[in-house]
Amino acid sequence: MIRRKFLKNTLYSTLSASSLVNLSNKNNSISKDVPRIISTWNHGVNANKVAWEKLNNGEGGLTAVEFGVRDSENDPNERSVGYGGLPDRDGKVTLDACIMDSNNDCGAVSFLQNIKNPISVARLVMETTPHIMLSGKGAYDFAIKNGFKSQILLTEQSKIDWENWLKKSDYKPVINIENHDTISMLLIDSDHNLFGACTTSGTAWKMHGRVGDSPIIGAGLFLDNEVGAAAATGLGEAVIRTAGSAMVVECMRNGMSPIDACKEVVQRISKLHKDRPEWEYLQVGFIAISKNGDYAGYSLKKGFNYALTDNENDSILVDAKYSV
């Protein structure tokens, strides 16, 4: 009887373990539809092209995502990232960025001023220091010490917009196609290794010193090379409250597809914020790639789009599905 009970329990345990493995891997079968790059908003179209070229030149996924998002950082007409970004309510352009590779190594900078390419500073933090994030003057001093040049990032047009905003000083950070923020980029290479980058000048007219989700590993960006990767855009405070990108990856770990994982976390954010004052202007969106190369984008409200580049798509813009 004891032997029979032992064998029965062993069989049940084996079947349960097998079921768990199958659940976690059902969306992780190997696909040939890689490499693939996705990134947030319309400025991701050209950023993807830059990243794709770097990848095809053999420079690796990390360099590809770094230089992909640098394209947006360098564009003075892109008002939510890097040079030319809209300032805080004191007229200061402050930048946040993070980067992550397939080994879960990561680096970030926050509240960085007068440095044009925060994503490259973030990579240097990852590769040359024992830390993950440097902030404020410490991040600035680190950048200068490592050869980055100090420069004014507030362009004349951004200054005019700030001066016009001061007349009413009404803080309602509408984030959508017409006024988006952040570029987040995810890449899966031909070996199914994952990489990600995120960079922003943050919400326009924010309080001086405010830091959003973009430089926070697990909020603005997260990846697990055994499962998948996710990144966020929209109101950073809402993403931070839910550890948004990490939760999308965890949903994929538990068997959800990228679209269902993004939808699940957006719905959590919706439930948490529907009775808060910021609901009026709240927008959040996620992009995700699973280990097998499946991808998706999903947002709370209509208006979020993302760029897709792979062997069949030459940097096309995709309208994301949405909740409300």
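Just so it is clear, none of the values below were taken in a lab; they were calculated from the coordinates. Remember, predicted model here, so these are calculated numbers, not experimental data. Glycine gets a Cβ as well: all are built from the backbone with ideal geometry, and neighbour counts include every protein chain shown.
Have a look at F111, F148, F195 and tell me which one the Gaussian network model of the chain (Cα, springs below 10 Å) gives the largest fluctuation.
Looking only at F111, F148, F195, the biggest GNM fluctuation is shown by F148.
Defining a contact as two alpha carbons under 8 Å apart and six or more residues distant in sequence, what relative contact order in percent does the range 44-180 show?
Computed over the range 44-180, the figure is 20 percent.
Report, in debye and to the nearest 20, how large the dipole of the range 31-322 comes out about its Cα centre when Lys and Arg carry +1 and Asp and Glu carry -1 on their Cβ.
Computed charge dipole of the range 31-322: roughly 840 debye.
Under a GNM of the chain (C-alpha, springs under 10 Å), which listed residue has the highest mean-square fluctuation: N254, N311, N114?
Maximum among the listed residues: N311.
Among D101, D71, D141, which one shows the highest mean-square fluctuation when the chain is modelled as a Gaussian network with alpha-carbon springs under 10 Å?
Among D101, D71, D141, the largest GNM mean-square fluctuation belongs to D141.
Using just the helices of the chain, give the 222 nm mean residue ellipticity in deg cm²/dmol: DSSP H runs with n ≥ 4 each add -39,500 (n - 2.57), and the total is spread over all residues, rounded to 500.
It lands at -11000 deg cm²/dmol.
Step through the residues of the range 54-64 one at a time and calculate ³J(HN,Hα) from phi using the Karplus curve (6.51 cos²θ - 1.76 cosθ + 1.60, θ = phi - 60°), rounding each to whole Hz and writing x for Gly and Pro.
Coupling constants for the range 54-64: 4, 5, 5, 7, x, 8, x, x, 5, 5, 4 Hz.
On average, how much area does the Cα convex hull of the range 45-190 cover when viewed from any direction, in nm²?
Computed as one quarter of the Cα hull surface, the answer is 9.4 nm².
Could you point to the residue in V211, A51, I38 farthest towards the positive end of the chain's charge dipole, with +1 and -1 charges on the Cβ of Lys/Arg and Asp/Glu respectively?
Among V211, A51, I38, the one farthest towards the positive end of the dipole of the chain is V211.
Kirkwood hydrodynamic radius of the range 258-304 from all distinct Cα pairs, in Å?
By the Kirkwood definition, the hydrodynamic radius is 11.3 Å.
Which of the peptides 83-91, 284-292 is most tightly packed, and how do the rest follow, going by the mean number of other Cβ atoms within 10 Å of each residue?
Ranking the peptides 83-91, 284-292 by packing returns 284-292, 83-91.
Taking only C-alpha pairs under 8 Å that are 6+ residues apart, what is the relative contact order of the chain in percent?
Relative CO of the chain lands at 22 percent.
Largest first and in whole Å, what are the equivalent-ellipsoid semi-axes of the chain based on the Cα gyration tensor, each being the root of 5 times an eigenvalue?
36, 22, 18
Find the Rg to Rh ratio for the range 277-323, where Rh is the Kirkwood radius over alpha-carbon pairs and Rg uses the same atoms.
The Rg/Rh ratio comes out at 1.07.
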